[in-house]
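Worksheet for the structure shown next.
The values are calculated or read from the model by the stated rules, or taken from the named source; none is laboratory data. The shown structure was predicted, so the numbers you read here are calculated from the model rather than taken from an experiment. Using ideal geometry, Cβ is built from the backbone for each residue, glycine included, and neighbour counts are taken over all protein chains shown.
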Amino acid sequence: MKKLELHWRILIGMVLGLLFGYAMTQVFWGADFVKDWIKPLGSIFIKLLKLIAIPLILASLIKGISDLKDISKFKQIGLRTIVIYIITTVVAISIGLLIVNITNPGDGISKETITRLTETYANDSGVQAKIAEATKQQSSGPLQFLEDMVPDNAFAALSNNKMMLQVIFFAIFLGISMLLIGEKKAKPLKDFFDSINEVVLKMVDLIMLTAPVAVFALLANVVVSSNDPDLLLALLKYVGVVVTGLLLMIVFYLFLVSVYTKKNPFWFLKQISPAQLLAFSTSSSAATLPVTMERVEEHIGVDKEVSSFVLPVGATINMDGTSLYQAVAAVFIAQALSFDLTFADQLTIVLTALLASIGSAAVPGAGMVMLVIVLESIGFPAEKLAIGLALIFAVDRPLDMCRTVVNVTGDATVSMLVAKSVGKLHKPQPKEWDDHLEEVI
C-alpha cells in the first residue's frame, strides 16, 4: 500500500487534535489532562526543531557561500533577496490597509464589548509585557538593529536562538573568509560543515516522523486554552478581515511563482505544505525554519547557496503576514476607539510596519510588540494602548498561527524567485530518512 504523504498525515493530526481538544473542553478534568499529558509532546517537538535550527543555518550558510566560485554572486543573491522582501512586505501592508478601510470592522464593535474586553485583558501580564518590550525597542537608536547584528561572542550567539541575525552574520563572515583563503586551505573546514549539514538535514527527516503526533498535541492544547468564545464571536468580523488579507497574500505568492518561475502554483503549495502546517501549529517561523529549508531545497529544487541565505534571513526580517496584520489591527483599533486616521497616518503605518518587521523576532507574539510601535507612530494615546491591545488579545493566538503560515510561504516564494533569477533553480531531489538504513543494519 502506498504510504500516505506527509502533509496529509500532518493534516489528519491537526483535525484529530482540534476534535480531541474540543472533547476535552466538555469534561471538567480535560484541560488539566491535555496540559499534563498531551501538551509536552508538542513542546518536545518544538524544542527538537529549535535544537537543530542554529546548527543547520550555520552549516548550510557556510557551505552555500564556500561553494560559490565568484563572490559577486553572493552580492547578487543578497541584494535581490532584500529588495524582494521589502516589495512583498509593502504589498502585504497595502492589502491589509485596503481591506480594513473598505470593510470598517471596528465600527461594528459595541461599547459593551469594548468594556468587557478591556476588563478582561487590559491588565493582563501578556499585554503589559508587550507594551514594555515595545517601549524598550523604541528607546534604541536608529542604527541599533545594525549594531545588534554583530556578535561580540560567536559562541554566545550560537547558544541563543533569539540571536539568529548574529548567527547569520558570523556564518557569512566565516564563509567569505573561507573563500578568500583559497580552496585548498579551506577544504578541511568546508568538508566538516558539509558533513554537519547532511547530518542535520537527516535529523530534520527523523524529527518530521513525529510531526503528525506533535501537531495533534499542539492543536489540542490551543483549543483547551482558548478564551471566552463569546468574545471571539464579537471579533469575528475583524478576524475575517485579517484572514481574507492573508489569503490574498497567498494568492499573490502563487501568482509570482506561476508567472516568474513558470512552476505550477498548486505543485508549489503541495511541496511547501508540511512547512505551512507546522508554521500554523507552532506559530513560529524560527521553529519551522529547518523544515522550510528541507522542503525548499529537496522538494522544490532551490540550490543550497540560495536557500541557506534567503530562508534564515527571511525568518528573521520577512514578516509579510505579521505586517499585514499590523495594518489591519492598527486601523481596527482606531475605528473601535474613535481615533481618526488621516491619509498621512496610513502612510506612516506602511513605513513603520515595514521597519518594525525587520527588527521583529521570529517567535510567537512578536506581532503584538510591533503593533504597539505602529500605534505609537500615528500618535495613538498612550493611555489607550492597553485598551487597544485588549481588543484583539483574545484572538491574537489563532491569528498568529495564520500569519506565520504566510510568513513561511513568503520566505519559500522569495527563495524560488531569487534562485530562478540567478539560475539556481533545479530539479528537486527529495531524500528519505531511511535512504542509508540498509548500510547500518
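Summary of values
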| read-out | value |
| --- | --- |
| Of all residues in the range 254-263 being of a type outside the set (S, T, N, Q) and in contact (Cβ under 8 Å) with a residue 40 or more places away in the chain, the one that is nearest to Lys420 (Cα to Cα) | Tyr260 |
| Residue within the range 352-359 that is touching a Gly at 6+ places or on another chain (Cβ under 8 Å) and either more than 27 Å from Ala275 (Cβ to Cβ) or surrounded by fewer than 23 Cβ atoms within 10 Å (Cβ to Cβ) (or both) present | no |
| Residue that is free of Cβ contacts under 8 Å to residues at least 12 places away in the same chain and in a helix (DSSP H, G or I), where the choices are Leu347, Leu289, Leu324 | Leu347 |
| Qualifying position, being within 18 Å of the chain's Cα centre (by Cα) and either without any contact (Cβ under 8 Å) to a residue 24 or more places away in the chain or part of a helix (DSSP H, G or I) (or both), among Val223, Val251, Val199, Val213 | Val251 |
| Selection from the range 149-169 of residues that are touching a helix residue (DSSP H, G or I) at 6+ places or on another chain (Cβ under 7 Å) and not hydrophobic (A, V, I, L, M, F, W, C) | Pro151, Asn161, Gln166 |
| Thr404 closer than 27 Å to Ile54 by Cβ and either surrounded by fewer than 18 Cβ atoms within 10 Å (Cβ to Cβ) or within 24 Å of the chain's Cα centre (by Cα) (or both) | yes |
| Counted residues, the range 398-441 - those being in contact with an Asp or Glu (Cβ under 9 Å, 6 or more places away or on another chain), charged (D, E, K, R) and part of a loop (DSSP other than H, G, I, E, B) | 5 |
| Residue within the range 287-294 that is more than 11 Å from the chain's Cα centre (by Cα), modelled with pLDDT of 90 or more and of a type in the set (Ser, Thr, Tyr) present | no |
| Close pairs (7 angstrom Cβ cut-off, 6 or more residues apart or separate chains): in contact (Cβ under 8 Å) with a residue 12 or more places away in the chain in the range 102-123, part of a loop (DSSP other than H, G, I, E, B) anywhere | Leu117/Ala394; Tyr121/Ala394 |
| Condition check for Leu375: within 19 Å of Ile131 (Cα to Cα) and in contact with an Asp or Glu (Cβ under 9 Å, 6 or more places away or on another chain) | no |
| Inter-residue pairs, beta-carbon under 7 Å, first at negative phi and in the range 408-434, second of a type in the set (Phe, Trp, Tyr), 6+ apart | Thr409/Tyr253; Gly410/Tyr253; Thr413/Tyr253; Val414/Tyr85; Leu417/Tyr260; Lys420/Tyr260 |
| Of all residues making up the range 2-30, the number that are closer than 16 Å to Ser226 by Cβ and either out of contact with any Phe, Trp or Tyr (no Cβ under 9 Å at 6 or more places or on another chain) or assigned to a helix (DSSP H, G or I) (or both) | 12 |
| Residue within the range 126-145 that is under 22 Å from Val372 (Cβ atoms), among the hydroxyl-bearing types (Ser, Thr, Tyr) and surrounded by 15 or more Cβ atoms within 10 Å (Cβ to Cβ) present | yes |
| Near pairs, Cβ below 6 angstrom, 6+ apart or cross-chain, from the range 146-161 (under 19 Å from Ala287 (Cα atoms)) to any residue that is polar (S, T, N, Q) | Ala157/Gln166 |
| Identity of the residue in the range 50-81, in a helix (DSSP H, G or I) and free of Cβ contacts under 8 Å to residues at least 24 places away in the same chain, that ends up nearest to the chain's Cα centre (by Cα) | Leu51 |
| Any chance Ile181 is of a type in the set (Val, Ile, Thr) and either at positive phi or surrounded by fewer than 16 Cβ atoms within 10 Å (Cβ to Cβ) (or both) | yes |
| Top-ranked residue in the range 34-93 [being β-branched (Val, Ile, Thr) and in contact with a Ser or Thr (Cβ under 6 Å, 6 or more places away or on another chain); ranked as surrounded by the most Cβ atoms within 10 Å (Cβ to Cβ)] | Ile93 |
| Counted residues, the range 165-185 - those being within 19 Å of the chain's Cα centre (by Cα) and farther than 19 Å from Glu305 by Cβ | 2 |
| Residue within the range 40-55 that is aromatic (Phe, Trp, Tyr), farther than 30 Å from Ala186 by Cβ and at pLDDT 95 or above present | yes |
| Test for Ser308: is it of a type in the set (Gly, Ala, Ser), surrounded by 24 or more Cβ atoms within 10 Å (Cβ to Cβ), over 23 Å from Gly367 (Cβ atoms) and touching a residue at least 40 places away in the same chain (Cβ under 8 Å) | yes |
